[in-house]
Amino acid sequence: MLRLVVIVRMKHDILVVENDEPLRWLLENILRDGFRVTITKDTMSAMARMANGNLPALILCDFDLPGNNNGLSFLQNLTNSGAFNDIPVIMFSSQPDEKLAEKCM
């Protein structure tokens, strides 16, 4: 009996929230071979995208975003939401701040 096995390698979606253009470019180019990468410049765009049903497998988010909707408030909104609280989030920052790391945990 001949058996045909088809392996489909699906790329998972990663949402990157980063306001710095060179870093957005770098992250997209590093990740795009293994993942479908979506880039947003701010947390409002990220939330709108997810509210429209585009749920990523992982979110990479800069802590140091401008305005009131910084990375920490975005993380808190995700944690408090019923729809998005199961999505893993990796927060990153150029600031070597232990208190910041504790807040994100």
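Quick notes on this one:
- Condition met for residue 1 (open to solvent by 80 Å² or more (accessible area, probe 1.4 Å), modelled with pLDDT under 85 and of a type outside the set (Val, Ile, Thr)): yes
- Lone qualifier among 56, 88, 66 - being surrounded by fewer than 16 Cβ atoms within 10 Å (Cβ to Cβ) and modelled with pLDDT of 90 or more: 88
- Residue in region 92-103 that is among the hydroxyl-bearing types (Ser, Thr, Tyr) and surrounded by 14 or more Cβ atoms within 10 Å (Cβ to Cβ) present: yes
- The C-beta contact set for region 11-22 (first residue more than 14 Å from residue 58 (Cα to Cα), second residue open to solvent by 70 Å² or more (accessible area, probe 1.4 Å), distance under 7 angstrom, 6+ apart or interchain) comprises 19/41; 19/66.
- Per-region count, region 51-93, residues in a helix (DSSP H, G or I) and without any contact (Cβ under 8 Å) to a residue 40 or more places away in the chain: 9
- Filter result (open to solvent by 30 Å² or more (accessible area, probe 1.4 Å) and in contact with a Lys or Arg (Cβ under 8 Å, 6 or more places away or on another chain)) within region 25-53: 35, 36, 38, 39, 41
The values are calculated or read from the model by the stated rules, or taken from the named source; none is laboratory data. Predicted model, so just to flag it, every value in this text is computed and none were measured. Methodologically, a virtual Cβ is constructed for each residue, glycine included, from the backbone with ideal geometry; neighbour enumeration extends over all protein chains shown. Heads up: the accessible areas ignore ligands, DNA and RNA and are worked out on the full protein's heavy atoms, side chains in. Shrake-Rupley method; radii C 1.70, N 1.55, O 1.52, S 1.80 Å.
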